[in-house]
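Enquirer: Quick one: structure below, then a few questions.
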Amino acid sequence: MKRDLYRLRHDAWRRLRGGEVTPWRAGLSVGLGLAIGLTPLWGLHTLLVLALCVPLRLDVPVAWVASNVSLPFVSPFIAFAEIEIGAFLRTGHTLPVEVGTLRSDGVGAFLAELAIGAAVLSVTAGALGGVLSYVVTTFRMSRAASRG
């Protein structure tokens with residue numbers, strides 16, 4: 001019984017890790033995690049990470065950590081940036097939105113801007129974070145290979 005539980009836990013962890021660490025897998029895991037974490041789908045980030053990373057054999061724990069970029073004390077600032085990006089792309093100028101306006105009217109008043117801005121910000125940050133992770137992982141792996 002104890003051995004079966006150990007094997008089950010070990011197999012689940014191995015599946016969540018997706019396989020051996022490579023620069024590509026690290027970069028894609030971080031990039032996908034950042035992209036998911038910057039979407040305004042609060043409360044669904046962990047489910048989205050699991051739903052996308054397991055079939056793609058990406059590193060779920062790495063993607064999950066990256067998706068936690070939108071912690072509760074940071075989320076309002078991310079949403080504000082996404083609204084401003086969306087407004088600029090829609091109209092050519094930013095909105096005179098203040099935090100007080102967002103509190104009183106809610107984010108729902110700016111859904112179109114939020115959707116556009118979230119798409120742009122999440123894809124851009126995911127791509128940049130993924131490339132940076134790829135470069136760092138490649139550098140660290142080449143350094144480790146040259147030592148041993």
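The values are calculated or read from the model by the stated rules, or taken from the named source; none is laboratory data. All figures in this text were calculated on a predicted structure; none of them were measured in a lab. Every residue, glycine among them, receives a Cβ derived from its backbone with ideal geometry; neighbour counts consider all protein chains shown.
Enquirer: Any residue in the stretch 127-140 that's in contact (Cβ under 8 Å) with a residue 60 or more places away in the chain and surrounded by 13 or more Cβ atoms within 10 Å (Cβ to Cβ): show its pairings with residues that are part of a helix (DSSP H, G or I) and among the polar types (S, T, N, Q) at Cβ separation under 9 Å, as long as the two are six or more apart or on different chains.
Expert: Cβ pairs passing all conditions: Gly130/Ser29; Ser133/Ser29.
Enquirer: Going by the structure shown, is Pro96 in a loop (DSSP other than H, G, I, E, B), of a type outside the set (Val, Ile, Thr), modelled with pLDDT under 95 and within 20 Å of Thr124 (Cα to Cα)?
Expert: In short, no.
Enquirer: Could you tell me whether any residue of the stretch 69-76 is among the small types (Gly, Ala, Ser), out of contact with any Cys (no Cβ under 6 Å at 6 or more places or on another chain) and exposed (fewer than 12 other Cβ atoms within 10 Å of the Cβ)?
Expert: no
Enquirer: Can I ask one more? Could you please give the count of residues in the stretch 57-67 that are among the polar types (S, T, N, Q) and farther than 14 Å from Ser122 by Cβ?
Expert: Qualifying residue count for the region: 0.
Enquirer: While we're on this one: Just for the stretch 115-126: of the residues that are among the β-branched types (Val, Ile, Thr) and in contact (Cβ under 8 Å) with a residue 12 or more places away in the chain, which one is farthest from Leu58 (Cα to Cα)?
Expert: In this case the residue turns out to be Ile116.
Enquirer: Suppose we keep only residues that are free of Cβ contacts under 8 Å to residues at least 24 places away in the same chain and among the hydrophobic types (A, V, I, L, M, F, W, C) within the stretch 35-49. Which one would you say is nearest to Val135 (Cα to Cα)?
Expert: Filtering the stretch 35-49 for residues that are free of Cβ contacts under 8 Å to residues at least 24 places away in the same chain and among the hydrophobic types (A, V, I, L, M, F, W, C), the one nearest to Val135 (Cα to Cα) comes out as Val49.
Quick grid of which residues meet (1) under 19 Å from Phe139 (Cβ atoms); (2) in a helix (DSSP H, G or I); (3) free of Cβ contacts under 8 Å to residues at least 12 places away in the same chain; (4) under 10 Å from the mean Cα position of the chain (by Cα):
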residue	(1), (2), (3), (4)
Val21	yes, no, no, no
Arg25	yes, yes, no, no
Ser29	yes, yes, no, yes
Gly33	no, yes, no, yes
Leu58	no, no, no, no
Ala63	no, yes, no, yes
Ser70	no, no, no, yes
